[in-house]
Amino acid sequence: MRISVCALRRIRAKGRPSPTARISCARNAGGGARAVLVVAALLLFGIAGTAYYLLRPHGGSSSSLSSIIPSLSSIQTPLLRLSGSNTIGAQLGPDLVQAWLASKGATGIARETTKPDEMRILATLDGKPVSIEVKAHGSATAFTDLAAGEADIGMASRAIKAAETRT
């Protein structure tokens with residue numbers, strides 16, 4: 001069983017933490033915000049890296065306007081699939097995706113709710129319609145969807161549990 005430093009200080013002070021214990025515990029409380037920033041940075045780097053891999057030239061022939069470009073709402077295969085934490089996926093994840101698409105010069109960026117806690121970010125990138133899927137059903141789904149090949153990026157607002165490491 002793990003007991004935090006703050007809890008030990010409260011026990012020693014018989015339930016009433018001293019003023020110095022309050023200050024020290026308040027300083028340690030900021031770690032959650034730092035963790036969210038780290039997760040956001042990792043998510044952004046993951047999106048950028050995956051998109052670079054998917055969008056880089058592969059050679060072969062390209063038919064720019066020779067085929068009919070499907071409408072944005074009829075895109076079948078998403079460019080990226082993010083799955084996991086609703087803490088991240090409700091607002092932060094989609095905001096990062098939209099900012100990343102804008103930084104790449106995408107136009108017509110819009111969100112489309114597909115189901116409860118699920119959305120697609122739609123845009124036109126290099127003249128082609130693209131979509132990025134975001135499913136925000138909880139951190140546990142990040143690990144299961146990654147293992148099942150149903151997500152490219154897993155969003156987790158907590159550490160992975162030992163039971164979740166087994167596939």
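Annotations
- Among the residues of the range 124-133, those that are out of contact with any Gly (no Cβ under 6 Å at 6 or more places or on another chain) and over 18 Å from Ile88 (Cα atoms) comprise Leu125, Asp126, Gly127, Lys128, Pro129, Val130, Ser131.
- Taken over the range 77-86, the residue count meeting the criterion of being more than 12 Å from Glu150 (Cα to Cα) and either modelled with pLDDT of 95 or more or touching an Asp or Glu at 6+ places or on another chain (Cβ under 8 Å) (or both) is 1.
- Checking the stated criteria, Ala136 turns out to be under 17 Å from Leu43 (Cβ atoms), modelled with pLDDT of 95 or more and crowded, with 17+ Cβ neighbours inside 10 Å.
- Qualifying residue in the range 153-162 (condition: touching a Lys or Arg at 6+ places or on another chain (Cβ under 8 Å) and either at pLDDT below 95 or of a type in the set (A, V, I, L, M) (or both)): yes
- Lone unmet requirement of (1) closer than 30 Å to Ala162 by Cβ; (2) modelled with pLDDT under 75; (3) buried (at least 18 other Cβ atoms within 10 Å of the Cβ) for Gly89: (2)
- For the range 143-163, filtering for residues that are within 18 Å of the chain's Cα centre (by Cα), in a helix (DSSP H, G or I) and over 18 Å from Gly93 (Cβ atoms) leaves 1.
- None of Ala136, Ala156, Ala140, Ala163 is touching a helix residue (DSSP H, G or I) at 6+ places or on another chain (Cβ under 8 Å) and farther than 28 Å from Lys104 by Cα except Ala140.
The values are calculated or read from the model by the stated rules, or taken from the named source; none is laboratory data. Computed from a predicted model, the values in this text were never measured in an experiment. Methodologically, a virtual Cβ is constructed for each residue, glycine included, from the backbone with ideal geometry; neighbour enumeration extends over all protein chains shown.
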